[in-house]
Each structure stands twice: as structure tokens, then as C-alpha cells.
1. Here's a check for you: in segment 38-50, which residue that is touching a helix residue (DSSP H, G or I) at 6+ places or on another chain (Cβ under 9 Å) and surrounded by fewer than 13 Cβ atoms within 10 Å (Cβ to Cβ) is farthest from residue 65 (Cα to Cα)?
2. Does residue 13 satisfy being outside any helix (DSSP H, G or I), in contact (Cβ under 8 Å) with a residue 24 or more places away in the chain and open to solvent by 50 Å² or more (accessible area, probe 1.4 Å)?
3. State whether the residues of segment 2-20 include one that is at pLDDT 80 or above, among the polar types (S, T, N, Q) and within 22 Å of residue 63 (Cα to Cα).
4. Considering segment 36-68 alone, what residues qualify as being of a type in the set (Asp, Glu) and within 20 Å of residue 13 (Cα to Cα)?
5. Could you check residue 30 against (1) open to solvent by 90 Å² or more (accessible area, probe 1.4 Å); (2) farther than 20 Å from residue 11 by Cβ; (3) acidic (Asp, Glu) and say which number it fails?
6. If I ask for residues that are of a type in the set (A, V, I, L, M) and either touching an Asp or Glu at 6+ places or on another chain (Cβ under 7 Å) or open to solvent by less than 90 Å² (accessible area, probe 1.4 Å) (or both), which ones from segment 51-68 would you list?
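The values are calculated or read from the model by the stated rules, or taken from the named source; none is laboratory data. On a predicted model such as this, the values are computed, not experimentally measured, just so you know. Note that we place each Cβ from the backbone using ideal geometry, even for glycine, and neighbour counts take in every protein chain shown. Protein only, heavy atoms only, side chains kept; ligands, DNA and RNA dropped before computing areas. Shrake-Rupley method; radii C 1.70, N 1.55, O 1.52, S 1.80 Å.
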Amino acid sequence: TLCKSLHNVGAFRLLGNRDLPKSKLIQKLEAGNRDIYKEYISFRCYRGKVIPSIERRRKVEYMLLFKE
């Protein structure tokens, strides 16, 4: 599942809390919009920097989850 793939992001980043709104990814999914590539791949940073290995992993996960 999508949330299982993003387990290392943390639920509070996806689902929000009192101080942080829901992620755009979750908002789109709840609205029935499956055009989420940009939002899915955006979970590739650590301490504000893009990590190439995480970015590659997200792209492979996306391909495995949504491509036939």
C-alpha cells in the first residue's frame, strides 16, 4: 500500500496533526485524484536536502505501485 511504502516518512507528515495540515498527497488521494507523481516523489529529502538514493527509491516505488 501507499502508506506502507512511505513508512519512513512518518504518519504525521502524511496525515497531519494539530500544527501540520494533511499532505497534498493525502488530500489528492482523498479527493479521488490519482495524478500524484509529483507529490509522491517530493518525499525524498532529509534535513531539507534532496537525497538521490531516496529519490531513486521513490521513483521505483511509484513505478511498482502504479504502472502495469
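1. Residue satisfying both the conditions and the ranking: 46.
2. No; evaluated as a whole, the condition is false for this residue.
3. no
4. 39, 55, 61
5. Only one criterion is unmet by residue 30, namely (2).
6. 51, 54, 60, 65
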